[in-house]
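To start, the structure under review is shown below, and the notes come after it.
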Amino acid sequence: MLSGVNSLANLATDIASMANMVAQLKRSEREKHMMKIQYEEKLAQQQQKIRETEMERDRVLASLGKTHLSVTQLTVVYHRYTYYVCICMFSLVLE
């Protein structure tokens, strides 16, 4: 009879342990889901920032193209914007 009680106690302990593991797994899944949502939001923000910067670069280059700037000066402006876009992209990777 004592063996049956021990088996029942072990079974109850195993069930409690499994319930705890299931609860931890559910918490981990919620955390993972929240992190994914935050990442996707940040990614969308950065992509929008990149698009806006590229559009601004194109507007600036178009307006500068109407002036009498040298090709070198236009190239400098282009590279500055390209550098800024690269910084935005790298910030995605680092976060």
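Here V5 meets each of (1) loosely packed, with under 12 Cβ neighbours inside 10 Å; (2) hydrophobic (A, V, I, L, M, F, W, C); (3) modelled with pLDDT of 85 or more with one exception, condition (3).
Residues of the range 56-68 that are touching a residue at least 12 places away in the same chain (Cβ under 8 Å) and of a type outside the set (V, I, T): E56, R57, L61, L64.
Go through the range 31-49 and give me each residue that's basic (K, R) and farther than 14 Å from I87 by Cα. Hits for the range 31-49 are K32, K36, K42. For the range 36-49, the condition holds for at least one residue, the condition being that it is among the basic types (K, R), modelled with pLDDT of 90 or more and either surrounded by 10 or more Cβ atoms within 10 Å (Cβ to Cβ) or part of a helix (DSSP H, G or I) (or both).
Conditions tested, residue by residue: (1) in contact with a helix residue (DSSP H, G or I) (Cβ under 6 Å, 6 or more places away or on another chain); (2) within 25 Å of S91 (Cα to Cα); (3) without any contact (Cβ under 8 Å) to a residue 24 or more places away in the chain; (4) not basic (K, R).
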{"site": "L11", "(1), (2), (3), (4)": "no, no, yes, yes"}
{"site": "N20", "(1), (2), (3), (4)": "no, no, yes, yes"}
{"site": "M34", "(1), (2), (3), (4)": "no, yes, yes, yes"}
{"site": "Q46", "(1), (2), (3), (4)": "yes, yes, no, yes"}
{"site": "E54", "(1), (2), (3), (4)": "no, yes, no, yes"}
{"site": "S70", "(1), (2), (3), (4)": "no, no, yes, yes"}
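Residue selection: I15 satisfies the criterion of being at pLDDT 90 or above and of a type outside the set (D, E).
The values are calculated or read from the model by the stated rules, or taken from the named source; none is laboratory data. Here the structure is a predicted model, which is why all the values come from computation and not from measurement. For neighbour counting, all protein chains shown are included, and Cβ atoms are generated from backbone atoms with ideal geometry for every residue, glycine included.
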